[in-house]
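Q: Let me give you the structure first, and then I'll get to my questions.
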Amino acid sequence: MHGNDDLRGELRSLVSALKNHVAGERDAYIPVSRLSRKGAGRTRPEGTAAGRAEPSAHAKTAVRKGPSSLVAVRKELGDCTRCPLHRTRLNLVFGEGSPTARLVFVGEAPGEEEDKQGRPFVGRAGQLLTKIINAMGLAREEVYICNILKCRPPGNRNPKEDEIATCEPFLVQQLEAIDPQIICALGTFAAKTLLRTEAPISAIRGKFHDYHGRKLMPTYHPAYLLRNPDAKKLVWEDVQKIMKIL
């Protein structure tokens, strides 16, 4: 991560401007206990054949853009019981960061530490993601971080199709509310879900894809980097492309 001093200097100037812009904005994470449970038990959003939910018209128009709309999505999600994962979770993990972020990171699902704290990417993989964000000249508070699933799958198993179909419409609403310039899909499940592709992450990372008019960069999940440190240089190449646009 060397040889980028000039770029980092420019990014620090941008960060300073962004800090002034988002000063006073509340964190979009709201504990379940502070929300109305009125939405609990509502019918799950419709999915497609094969159980995958296409972004619906409702998901795109349910709320207006901006901080208040992100809070509205969280309130609509409520103390969700729409799929069996609510029976084994400790906390629902909605997401956190700037509700007006230009960059959103989307992961797979909460892990053990995230389930305990009710916050995304706070375990070992999350600590590595934070380092990556910092190396980009940004802070966690200036981006937005969330997952495809809002509840931890037991034993950190892979998400199931019906779980993705149930949860994805809320992710779509989150993205519509934040209206980021760039989305960074972390890992196989995030990339395949958002791009509707079965291509391996190794084949689609490193280049921008279109996601409803927004740029989407797939890259390796931080958990993968913990197991395969050599891939860090590839992720750094990917995020450098994001930095150039930001």
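Q: Among the residues of region 172-223, write down those that are among the hydrophobic types (A, V, I, L, M, F, W, C) and touching a Cys at 6+ places or on another chain (Cβ under 7 Å).
A: 217
Q: Given 99, 120, which one is surrounded by 19 or more Cβ atoms within 10 Å (Cβ to Cβ), modelled with pLDDT of 75 or more, of a type outside the set (A, V, I, L, M, F, W, C) and farther than 17 Å from residue 180 by Cα?
A: The conditions single out 120.
Q: Still on this structure: Being more than 19 Å from residue 242 (Cβ to Cβ), basic (Lys, Arg) and touching a residue at least 40 places away in the same chain (Cβ under 8 Å) narrows it down to one residue among 87, 119; which is it?
A: Matching residue, one of 87, 119: 119.
Q: Just need a number here: residues in region 68-96 that are surrounded by 21 or more Cβ atoms within 10 Å (Cβ to Cβ) and of a type in the set (A, V, I, L, M).
A: 6
Q: Next question. Within region 148-161, work out how many residues are farther than 15 Å from residue 80 by Cα and either without any contact (Cβ under 8 Å) to a residue 60 or more places away in the chain or of a type in the set (Gly, Ala, Ser) (or both).
A: 6
Q: If you check 100, 81, which single one turns out to be out of contact with any Cys (no Cβ under 6 Å at 6 or more places or on another chain), touching a residue at least 60 places away in the same chain (Cβ under 8 Å) and polar (S, T, N, Q)?
A: 100
Q: State which residue is nearest to residue 164 (Cα to Cα) when the search covers only region 194-214 and only residues that are in a helix (DSSP H, G or I) and free of Cβ contacts under 8 Å to residues at least 60 places away in the same chain.
A: Result: 195.
Q: Cβ-Cβ distance below 7 Å, separation of 6 or more or different chains: which pairs start in region 222-246 with a residue that is at pLDDT 95 or above and among the aromatic types (Phe, Trp, Tyr) and end on one that is assigned to a helix (DSSP H, G or I) and surrounded by fewer than 19 Cβ atoms within 10 Å (Cβ to Cβ)?
A: From residues that are at pLDDT 95 or above and among the aromatic types (Phe, Trp, Tyr), the pairs are 224/231.
Q: Output the residues belonging to region 129-158 that are more than 18 Å from residue 189 (Cβ to Cβ) and either among the charged types (D, E, K, R) or more than 14 Å from the chain's Cα centre (by Cα) (or both).
A: The answer is 131, 132, 134, 135, 136, 137, 138, 139, 140, 141, 142.
Q: Tell me the residue from 195, 175 that is closer than 27 Å to residue 100 by Cβ, surrounded by fewer than 20 Cβ atoms within 10 Å (Cβ to Cβ), among the aliphatic types (A, V, I, L, M) and in contact with a His (Cβ under 9 Å, 6 or more places away or on another chain), please. Lay out the reasoning, then the answer.
A: Values: 175 fails: surrounded by fewer than 20 Cβ atoms within 10 Å (Cβ to Cβ).
The match here is 195.
The values are calculated or read from the model by the stated rules, or taken from the named source; none is laboratory data. Computed from a prediction, not measured in an experiment: that's the story for all the values here. Note that each Cβ is placed from the backbone with ideal geometry, even for glycine, and that neighbours are counted across all protein chains shown.
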